Amino acid sequence: MEYFIALLIVLPAFVLAIQRSSYLLDYVFFVVALNRGIRRLVDFYINGAFNPLSTISLTPLIVSAVLLVPAMGRFNQLNANSRNLATLIMLALGHGLVIGFVNAGFGAFYSLGEWMAGFGAFLYAATAPINTRTADRWMRSCGYSALIVAAYGWYQYYTIPVWDAFWVTEVKFVGYLGQLRPTEMSVFSTMHERGPCASYLAWAAIPMILHPRWRILGGWLTVMLLLSVVVLTLTRSMFIIVGLVAMLQPALSKGRGIGRVIVLAVLLGAGASVGLQYMPGSERITKRYDTMKDMQNDGSFKGRLAIFTTGIPWVVQHPLGLGLGSSGFGAGRIGGAGSVQEGFCDSGYVEVFSQFGWIGGLAFFAAMAQIWGELSRRIRMGGRDPFLFTGRVVLVGCMVFLAVGNVFGGFSLFWVFLGLSLNRMTIPVETPQYWVPEPHDAGFPESAQPWEMPTPLASEPAPAPGHDFHSSNPHFRIL
């Protein structure tokens, strides 16, 4: 039955791909957002046991892989700069796959699938022959899928559904996610963890904050709903990214969007001061976020700082890296004793170099720099599409987020957003310039009118009557 349900999930993606429908990407958003919730229902009600190798968990990788088919077929439609940066990313992935297969075997291919889920969405969005209406619909589809995640998140917070409690117990997350009692557990909603849940909701809210054309039903109320569930996940880093991106928007767009930053600040301030007072379990939430006031002594901050300071020397000493499939979950570490080494996590910069080595890591970050350069070039050419300005903001936000985790190694809205910002629809169209003669000036000297014939020169007298020009010209012959 599990295989049949997985087939039902991926089948529409193949149908949409065959029809070359732009709704394929809309469908991918919902599969990514809801597949783990479906898996837990199947494990609890149909299997009666937790299956760590559930095929339903693979459905996001499969439907994302479908995006690669039309994307690679349109690869040559990218302009030279976009092709170069895409090639650099593929170079990094190819290097990581070769080294990873040597160190981790077929686990490298699974890690490659996770990377290609995001990179495939990037290529699909960058090469799709679409207009702004379709691009805006993709943004709103992500918003609606996140709205479902947020609504279920509140339901999970107040009830702790039995299928979710069953999964938390089986994977031994009791304690890490809190206690299996209403309002005492961190929300992970339909996702496989609280961190990915917070990331999905925050990145869905960011476009709505940056521009009104990407907001869905409810407007700012929906934005606050998404961010309220981010609060319930107890993931603090995403609020840093949301705040940073919101402030960078006017800074990188010549002041555009400063009003939206003020509105967001007011709403967040009101929610923090008023909303938390009436929320059950607010003491636990407040205690978690109060640690941000003293980051120097925060255990999570110090742990990530230790990973970074330990990882840099390791990267310098290992130019080839460990390849794809080397990174685990939780605290980053290097297993020096066993035959299988495990790479760094919780520090995205170190993890990128531990997976791709010097060659792949430098190629990857060179590609990110080229994305910035291409977007800036289009803006200098006169481009005014919102994807150009907000694309640079999103790119900076991703670079900051790498300090706490590898956000690039999976499907995410920001991959789609960066792809859309490089799509041909954002290339400014040059307006043809026509020369329009100036109106005749009545005061212009009469003798200089352009339509009058010039006066014959004195040295060339007018020919006498009856003069034959042909017979007098020595160079003229009648053949």
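Taking a ≥ b ≥ c as the square roots of the eigenvalues of the Cα gyration tensor, an a/c ratio below 1.5 marks segment 2-426 as rounded. For a test of the definition: using alpha carbon positions, the gyration tensor, and the 1.5 limit on a/c, classify segment 87-204 as rounded, prolate or oblate. Oblate, since a/c reaches 1.5 and b/c is not below a/b. Remark: the Arg377-Asn47 segment gains 113.3 nm on full extension, using 0.36 nm per residue and subtracting the alpha carbon distance.
Going by a ≥ b ≥ c, the root eigenvalues of the Cα gyration tensor, does segment 1-101 fall in the rounded group (a/c under 1.5), the prolate group (a/b larger than b/c) or the oblate group? Oblate shape, in that a/c is at least 1.5 and b/c is the bigger or equal ratio.
Cβ crowding within 10 Å ranks Ile148, Ile379, Ile18, Ile371 as Ile18, Ile148, Ile379, Ile371, fewest other Cβ atoms first.
Across segment 166-179, computed HN-Hα scalar couplings (Karplus, 6.51 cos²θ - 1.76 cosθ + 1.60, θ = phi - 60°) run 4, 5, 4, 5, 5, 8, 6, 9, 5, x, 5, 9, x, 9 Hz from first to last residue, x flagging Gly and Pro. For segment 109-187, GluC sites (Glu not before Pro) are listed when DSSP marks them as loop and at most 14 other Cβ atoms sit within 10 Å of their Cβ; the list is Glu184.
The coefficient of translational diffusion for segment 27-169, derived via Stokes-Einstein from the alpha carbon Kirkwood radius under 37 °C and 0.692 mPa s, stands at 186 µm²/s. Put in order of Cβ neighbour count within 10 Å, fewest first, the listed residues Ile209, Ile359 become Ile359, Ile209. Amide H contacts for Gly178 (H built 1.01 Å from N in the peptide plane; partners 5 or more residues away or on another chain; cut-off under 5 Å): Ser186. The chymotrypsin sites (Phe, Trp or Tyr not before Pro) of segment 70-145 that DSSP puts in a loop, and whose beta carbon has at most 12 other beta carbons within 10 Å, are Phe106. Given +1 at the Cβ of Lys and Arg, -1 at the Cβ of Asp and Glu and no other charges, the dipole of segment 2-426 around its Cα centre is 1300 debye to the nearest 20. Label separation (Leu244 vs Thr134): 3.3 nm, computed from points 7 Å beyond Cα along the C-beta direction.
Per-residue Karplus couplings for segment 86-96, computed as 6.51 cos²θ - 1.76 cosθ + 1.60 with θ equal to phi - 60°, are listed in order as 5, 5, 4, 5, 5, 4, 5, 5, x, 4, x Hz, Gly and Pro entered as x.
Database remark: amide H of Ser189 closer than 5 angstrom to no amide H (H placed geometrically; neighbours at sequence offset of 5 or more, or on other chains; Pro and chain starts carry no H).
All of the numbers you see were taken from the coordinates with simple rules; none came from a lab. Not measured: the values here are computed from a predicted model. Positions of Cβ are generated from backbone atoms using ideal geometry, with glycine treated the same way; all protein chains shown enter the neighbour counts.
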